[in-house]
1. When you scan the range 153-169, how many residues do you find that are surrounded by fewer than 19 Cβ atoms within 10 Å (Cβ to Cβ) and modelled with pLDDT of 80 or more?
2. Of the numbered conditions (1) surrounded by fewer than 17 Cβ atoms within 10 Å (Cβ to Cβ); (2) at pLDDT below 80; (3) closer than 26 Å to E110 by Cα, R173 satisfies every one except a single condition; which is it?
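The values are calculated or read from the model by the stated rules, or taken from the named source; none is laboratory data. The structure presented is a predicted model; accordingly, all values stated were derived computationally and were not measured. Please note: Cβ atoms are built from the backbone with ideal geometry, for glycine as well, and neighbour counts cover all protein chains shown.
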Amino acid sequence: MNEAERYRALLDERSAALAARGQAAESAVESRDFLVCAIGTERFGIALSAVAMVLPERPCTRLPGAPAALRGIIAHAGIIVSVIDLAGALGLGRDDGARDPGHFLRIRTEGPPLALAVDRVVGLVTIADSDVTASPTAGIRDGVGAEAVSGYAPAAPERDGTGDSFAIIDLPRLLRSFLP
């Protein structure tokens, strides 16, 4: 083997070692991305992969005989979207007259088009799975939707801009009473 071939082999070996190191580091820390939203003073995280878009809140058309948590329907991009009030679905009482205009989170679903109404979107965070406390009622009072909370992420201001802990919402559990 001549010197050029040895040099090339050494570079290939170093490249393979560096690539293996990077892959090991990536697989060592599993994490998830969340959209953190607020309802009053409480914070909730929804898997970012489940959110299609964030829309400014607007008036909904009420449906007679609908569950209390179903705020109504809106038209968006030529389709009818059912809007579920997250506070109502979780059994949280609040004074609607005292809050600022909020947001609708358009949810990715296989079924009918849905959106969740929240007071405001706080930010995006990435949480290591090891930081999540798997407690079915962590961070939320006992209520109708307490079973829809699948965990709790502690506050870490250096990690994100939210500055507060938040409860993680399990959307399939939350939405099962609203979907056929």
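1. 2
2. (2)
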